[in-house]
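The values are calculated or read from the model by the stated rules, or taken from the named source; none is laboratory data. These numbers were taken from a predicted model, which means no experiment stands behind them. Here the Cβ positions follow ideal geometry from the backbone for every residue, glycine too, while neighbour counts run over all protein chains shown.
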Amino acid sequence: MAAILLPLSSTLLWLGWRAVDFQERRSVEHRMTALHNAVAGFIAVGVRVVISAAEALADTSDFDPATGPARDQERRKSLMELLVRHSNLAAAFVGYADGRFIYVSRTANFTAEERAELKVPANATFLFRLIDGQGEARRESWWFDTIRMPGAGVESRRSDFDPRTRPWYLEAMQRQGPALTDPYRFAWHTEAGVSAGVPIDGGGVIGFDFNLDALAQLLNEYKITPNSIIGVATDVADVVVESEPCSASAPDCLPDDAKARDILQTMAQRATGSDYRIERTVDVNGHDYRFFVQAAPPVYGKSMMIAAAVPMAELSAASIVLLERAALAGAVSIVVAIIGVLGISLLLARSMERLAAKTERIRRLDFSDRILVRSRITEILRLSMAVERMRAGLEVFGLYVSKELVGEIMRSPTSTGLGGTRRQLTVMFTDIEGFSRISEAIEPELLTSRLSRYFDALGAAISANRGMIDKYIGDSVMAFWNAPQPDPDHIYHACRAALEVSRASRNLAEKWRRLDRPVFHTRIGLHTGEAVVGNVGARQRINYTLVGAVANQASRLEALNKAYGTWILASGDVATVTAGRFVWRHIDRIVPAGTTEILDIYELAADVGETDELASFLAAWQAARDAYVEGRFEAARQGFEAARAIRGEDGPCRTFIERCQTFGESGVPAGWDGVWHFAQK
């Protein structure tokens, strides 16, 4: 009978415990969900309603900075009405770019010391402040309950308060939209709260202070048990609002819950991410507490965490009595079973779950998790060490191979065979001007370090614009677009990358010039056309690259920069497609050395939005080019001189002036069609 009843009672007790525990957890989860929704709704709805009202005020002519002090009375009236409509606001104000500041607040929020300092009348409801002036003449004036500044009864004193330095002003201007500050003590109150700001067109910010007392009352209403602690924390990692502790005179009140509050604050400090959620049980002064931390939806760029600590004894008070009565015969076996299950869970489940998560991140080519998964089980520890060695090896390997290429291979392992596909590609070649001369004057180790810094700047610009670096050839870079992943707008992205590469090179050169170091100037060639892209090489060693004339043409264009004194040259195929998105200068029609094909070459000058400063130069250049093509070399020379006078030293102008002078002396070549034939590469 003992052999039958003990397993049976144990099983029934275990099932009963599971059922009770499940119900308790469901109850806590429901309460936490309700708390989460209530706090999120309080923050989102309350804040958004007031910000919407402030946005409406910002769009009115009353708050237009251009109207100046003439509309101050209407502004004070609108701010006061905002306080009347929204009881959770402590103050409303507006600051302008010239330092003017208009402030309206409730006198009920002042302490006795503040009321005495400001001479607040006993029956006053609103305080009006005005700060204006510059330097030593800057003063603060204040009065009560009168929208219009009264002729008498206005207090005044010198003030150095500047709204432009306050968090609500800075964050709103930085975001160029509504912004919330982190909780802090208000400038003219002892209360803590958050401020919000809404930018005004033309300069200035409308702001208001939120009182957090209402949120604290809401937390008290959602306390899960009498001794539970509910708090709200922001991304600055401080618990800013907490529920009130239980009354010390209450019979069930747990003494000294300060440690539990400290643990709750520490957990909230470590919480990150908009989908963060964690549960943990911790012993606090001999009492087990269940801790919960969950992220609330961000509001105007500010993330908040909802945290709770609940004594386990209060969660399971009723069920413990029931379980103790039912466990008289099977308590020992059930305790052993629970310890065994928990032990196995701790030794196996957590370690395996972390290993599975780690290998999944590695599969996604995310090597950021460098923490070794430890376990008392030898096999799991060995597996963890093997996974960590694999992660470290793949992370190093990733420095040699593009992540996009590895991702493509992992999605289609059969694509690793030799061969490729025909595709329209855009190719970029870069080269450093005078690199041979520079390399002779620098030690190899230092040159390698500078090249690495240089390639890092160029690679960042290329990768940011969806390009793939094919190879580094000495001081040159070869990159291409539209492979391995298709890119319908690959020509535009290549042109954008060329501008950013040139800009990054100039910035780096300027930095090195200030340090009195040799600088690198980058020449760039761009061409687009069909090529075969895929795996090329032997079966034991393959390389993902392209094969086709498009690469040679891009290399030629890069080299032609030296002949014309330019930095970015592209073919007509590139310039024609992106003519409406970039500013192009038609440099020349040429026949490169060793070819018979006529090639139009263009200089990538700037974005379309930067055409104003180039318009006169480009017009002068094109007029000179037209005269040059027509064989009117003296007129062309004068036109190129005029263009050079607009822009200063310009390589193509200098080149064409020399040509026109030569043709002017020797006459128009026979069969002249404006095409220049290069005899040498």
Scan of the range 169-193 for residues that are modelled with pLDDT of 80 or more and either β-branched (V, I, T) or closer than 19 Å to F128 by Cα (or both), ordered by number: T181
Residues of the range 544-560 being in a helix (DSSP H, G or I) and within 37 Å of the chain's Cα centre (by Cα), which ones? V550, A551, A554, S555, L557, E558
Restricting to the range 462-477, name every residue that is buried (at least 18 other Cβ atoms within 10 Å of the Cβ) and over 29 Å from the mean Cα position of the chain (by Cα). D475
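In this structure, is T421 at pLDDT below 90 and either of a type in the set (K, R) or more than 27 Å from the chain's Cα centre (by Cα) (or both)?
Criteria met by T421.
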Which of the residues spanning the range 365-393 are surrounded by 11 or more Cβ atoms within 10 Å (Cβ to Cβ) and either outside any helix (DSSP H, G or I) or at pLDDT below 70 (or both)? L365, D366, F367, D369, L372, V373, R374, S375, I377
Does G664 qualify as being surrounded by fewer than 18 Cβ atoms within 10 Å (Cβ to Cβ), touching a Lys or Arg at 6+ places or on another chain (Cβ under 8 Å) and of a type in the set (G, A, S)? yes
Residue under question is A623, and the condition is that it be surrounded by fewer than 21 Cβ atoms within 10 Å (Cβ to Cβ) and more than 44 Å from the chain's Cα centre (by Cα); does it hold? yes
When the range 625-676 is examined, which residues are found to be in a loop (DSSP other than H, G, I, E, B) and under 22 Å from A605 (Cα atoms)? G648, E649, D650
Might you check whether a residue that is among the hydrophobic types (A, V, I, L, M, F, W, C), closer than 27 Å to S228 by Cα and modelled with pLDDT of 70 or more occurs anywhere in the range 341-354? yes
Quickly run through the range 569-586 and pick out the residues that are aliphatic (A, V, I, L, M), part of a strand (DSSP E or B) and at pLDDT below 95. V583
Can you tell me which of (1) of a type outside the set (A, V, I, L, M, F, W, C); (2) modelled with pLDDT of 90 or more; (3) surrounded by fewer than 20 Cβ atoms within 10 Å (Cβ to Cβ) is the one N88 doesn't meet? (2)
Hey, Y276 hits all of (1) buried (at least 16 other Cβ atoms within 10 Å of the Cβ); (2) modelled with pLDDT of 70 or more but one; which does it fall short on? (1)
Look through the range 194-224, keep the residues that are assigned to a loop (DSSP other than H, G, I, E, B) and of a type in the set (A, V, I, L, M), and return whichever of them is modelled with the highest pLDDT. I200
Looking only at the range 109-133, filter to residues that are closer than 16 Å to S156 by Cβ and surrounded by fewer than 13 Cβ atoms within 10 Å (Cβ to Cβ); which one of those is farthest from the chain's Cα centre (by Cα)? K119
Could you pull out the residue among E530, E510 that is modelled with pLDDT of 90 or more, surrounded by fewer than 17 Cβ atoms within 10 Å (Cβ to Cβ) and touching a strand residue (DSSP E or B) at 6+ places or on another chain (Cβ under 8 Å)? E530
All conditions in (1) closer than 22 Å to E500 by Cβ; (2) at pLDDT below 90 are true of A538 except (1)
